[in-house]
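Participant: Here it is, the structure, as structure tokens.
Just so you know, all these numbers are worked out from the coordinates, no wet-lab data involved. Quick caveat: nothing in here was measured; it's all calculated off a predicted structure. A quick note on method: Cβ atoms are made from the backbone with ideal geometry, for glycine too, and the neighbour counts reach across all protein chains shown.
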Amino acid sequence: MGEQEFYKRMLKKIIDDTEKNRISSQEEMVQTLINELSEQLDKRKSRPVTN
């Protein structure tokens, strides 16, 4: 999945969670974004380097 697609999905999830009242504050939203981005970064770091 490309970066742009990842960001689209992540933001859609945030919007859905907000609409379903799973996220009820700015702090929760920011923490969710941090968690999602951290997971993505961890996945990238664990990929083998291909040259």
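Participant: Full-extension gain between Q40 and E27, please, as 0.36 nm times their residue separation minus the C-alpha to C-alpha distance.
Facilitator: Stretched out fully, the Q40 to E27 stretch lengthens by 2.7 nm.
Participant: Is it possible to state the helix-based mean residue ellipticity at 222 nm for the chain, with each DSSP H run of 4+ residues giving -39500 (n - 2.57), the sum divided by total residues, to the nearest 500 deg cm²/dmol? What is it?
Facilitator: Taking each H run of at least 4 residues, the total per residue is -25500 deg cm²/dmol.
Participant: Working from Cα positions, state the angle (0 to 90°, nearest 10) between the long axis of helix 26-46 and the longest principal axis of the chain.
Facilitator: 10
Participant: OK, next. Where in the chain lies the longest segment free of trypsin sites (Lys or Arg not before Pro) that are both loop residues by DSSP (not H, G, I, E, B) and have at most 12 other Cβ atoms within 10 Å?
Facilitator: 23-51
Participant: Helix 3-19 against the longest principal axis of the chain: what's the angle in degrees, Cα atoms only, rounded to the nearest 10?
Facilitator: On a 0 to 90 degree scale, this one is about 20.
Participant: With N set to the residue count of the chain, report its C-alpha Rg divided by 2.2 N^0.38 Å to two decimal places.
Facilitator: 1.34
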